Amino acid sequence: CRISHLQYSSRDEYVQISNDGGAQDMTRWKIHSVQGDQWYTFPQGYVLAPGDSVRVHSGPDAIHSPPSDLRWSSAYIWNNSGDEARLIDDRGRIVDSWKY
């Protein structure tokens, strides 16, 4: 799995995670916003199918329409002047990051 997009300058921010491999159980996987030290943990039993993507939304207009769109928070998470998103697996390893 990898971070394939990060939309940080809108009322509906999102980080998109894409799965280029086999089915991935995302239980205990996390997304970390380095600026502000904010964390999102995927729901228990959430599986990202091969070739699929999920968007994790934040901000006042954040949508929630599982399984393709999950809401993190209605608060802004991503710092418009620069931040880093990290995708962390269930063992605490950084799998991917996106810095801007």
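If the condition is being farther than 15 Å from residue 85 by Cα and either among the hydroxyl-bearing types (Ser, Thr, Tyr) or in contact (Cβ under 8 Å) with a residue 60 or more places away in the chain (or both), then region 41-57 contributes 46, 53. A Cβ distance below 9 Å, combined with a sequence gap of six or more or placement on separate chains, defines the contacts here; from region 1-26, residues that are under 15 Å from residue 71 (Cα atoms) reach residues that are basic (Lys, Arg) and outside any loop (DSSP other than H, G, I, E, B) in the pairs 7/55; 14/55; 15/55; 16/55; 17/2; 17/55.
Summed over region 70-89, the residues that are within 15 Å of residue 1 (Cβ to Cβ) and either touching an Asp or Glu at 6+ places or on another chain (Cβ under 8 Å) or hydrophobic (A, V, I, L, M, F, W, C) (or both) give a count of 5.
Each reported figure results from applying straightforward, stated rules to the coordinates on display, with no laboratory input. This structure is a prediction, so every number in the text was calculated from the model and none was measured. Cβ coordinates were reconstructed from backbone atoms using ideal geometry, including for glycine residues, and neighbour counts include every protein chain displayed.
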